[in-house]
Amino acid sequence: MDFGSEYILDAEEEEEEAEDFREDLYYGDYSGFECEIMDLVEEEETETHNNIKKATTNTVKLEMKKLQEETDLKIEKSKLVKCKGDSCGAVYSHLSKKDEEKKVWTCNFCTHENDFKAELPDLSDKSDIMYVDDTSNIPELIPPDSCKQKIIFVIDTSSSMCQTKPVKSHSFIHAIIRLSQSQPETRVGLVTFQEDVNVYGDGSKFVTVQGDQLKHKDELVAIGKKESDLRPVHESAASLKEKIALLDELGRTALGPALVIAQTMAADVEGSKVILCTDGVANIGLGRLEDITEIEINSFYSGIITDSLISGVSVTLICVDNAGLNTRLGQVPTETGGMLEKIQATELDAKLTEELSRATVAVNTDVSFIVHKDLYVSDTKNPSLRCSTHLQKLGNLQLDKQVSFSFAFKPSNPQEQPPAQPNSTGTL
């Protein structure tokens, strides 16, 4: 199979891997290959984790850390040269056929002929390209200065969490201690929720949000903005630890309002995180999953996702039960660049440590996977679609992120060597 990127396809490994893969593929005489950023997965397995398909036949996996490790990128000061064919969007690559006399290049994916006036990049060496606006200021995939980032802890203190109180308090206090030692300039905030939402900010304030306030997003956003000024954690650690140690559990679960406030508190700094821990189902105020229509539920959580993507905030959901894993809430972390985890209470400390170590290196990122027009890429949200281009929004990008795409032939005459191409965009 031909890939529009050299460091995706390692030609030296092609013959060695060919026999291993041949029996696993549905159609055509695909050559096996070893990918550096994109691996064709061999074994059959249906287990999922963080909404990432582990393995199926004809599945490729993109490991985003390879973007940082790649050192042979060619730098071009220009816009992406994209195919203008209907619903294609493939980028000009070494696979594309260029006709200098006609001043057109033919897309290998949809066969559309594209006019060109300016000189096209020289890809005779099959190099991958980073397109930038300023060649004197090349962006790097490195974590930004931590003093500019925020982390907002959102803790469920409803009655259902009473069994896990000692472990929960211990885990979050440890997280504050670790942050004060390893990322002392990071600005940390605390929000808790039960029947009411309590906003502690950096530990120096206490605001209770209750009653009808829980039903109005504008009021919640205003509160979040007002409480968004946070001290560095090396200054606020003592106050935050004291507040966490005194938390009590009672009442219902105003998860949605707490999430709105926390997201707003973090929204003024790109690359910030909201880390939400719960074991219950949202059942009061905005975002509740009971006594409202599916349309209202989807509208609320879609709004959270949109706001998070615009502001560059990731939301991580740590469930000490099945809460969120089978609801619209579960899509918030997967679409904003956070983690979605179901754990035992005793695993909370380790999971918080893992999340705090995931540095954000880019925001508002997405990955598109493009295959030949005879193929289609599976869309888990719309299984009936048979499109040859699939765009997946990643939100905030951490380098441990992996993205999988599954593809198959449309019911037509397949090519023996159809091409495929992944593209990634984002703000560094």
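The values are calculated or read from the model by the stated rules, or taken from the named source; none is laboratory data. Note that the structure is predicted; figures quoted are calculated from it, not measured. So basically every Cβ, Gly included, is an ideal-geometry build from the backbone, and we count neighbours across all protein chains shown. These area figures cover heavy atoms from the full protein model, side chains too; ligands, DNA and RNA do not enter into them. Shrake-Rupley method; radii C 1.70, N 1.55, O 1.52, S 1.80 Å.
A simple packing score, the average count of other Cβ atoms within 10 Å per residue, orders the peptides 227-235, 287-295, 333-341 as 333-341, 227-235, 287-295, with the highest score first. With R₀ set to 60 Å, the beta-carbon distance separating Glu235 from Asp122 gives a calculated FRET efficiency near 0.65.
Each label was represented as a point 7 Å from its Cα along the Cα-to-Cβ direction; for Ser357 and Lys102 these points are 5.5 nm apart.
Ordered from highest to lowest accessible area with the whole protein assembly present and a 1.4 Å probe, Lys150, Lys217 read as Lys217, Lys150. Across the protein chains, with a 1.4 Å probe defining accessible surface, the residues Lys168, Lys84, Lys61 rank Lys84, Lys61, Lys168 from largest area downward. Using the Cβ-Cβ distance between Asp218 and Lys84 with R0 set to 60 Å, the FRET efficiency from 1/(1 + (r/R0)^6) comes to roughly 0.90. Tyr376 contributes about 40 Å² of solvent-accessible surface, heavy atoms of the protein only, 1.4 Å probe. In this label model, Asp366 and Ser169 are separated by 4.6 nm, measuring between points 7 Å along each Cα→Cβ vector. Near Gly211: Cβ cut-off under 11 Å, other residues only, Lys/Arg at +1 and Asp/Glu at -1. The net charge is -3. Length gained on full extension, Asp115 to Ser182: 18.8 nm, using 0.36 nm per residue less the C-alpha separation. Put simply, when 303-316, 257-270 are sorted by average Cβ atoms within 10 angstrom per residue, most first, you get 257-270, 303-316. Could you quote the convex hull projected area for segment 268-381, Cα atoms only and averaged over all directions, in nm²? If you wrap the Cα atoms of segment 268-381 in a convex hull and average its projections, you get 9.1 nm². Ligands, DNA and RNA are left out, and with a 1.4 angstrom probe the accessible area of segment 160-263 is 43 Å² per residue. Label positions at Thr293 and Lys226, each projected 7 Å from the Cα along the C-beta direction, are separated by 3.3 nm. Using a probe of 1.4 Å on the protein chains alone, the accessible area found for Asp248 is around 90 Å². Positive contributions from Lys and Arg (+1) and negative ones from Asp and Glu (-1), summed over other residues with Cβ under 9 Å from the Cβ of Gly251, come out at -2.
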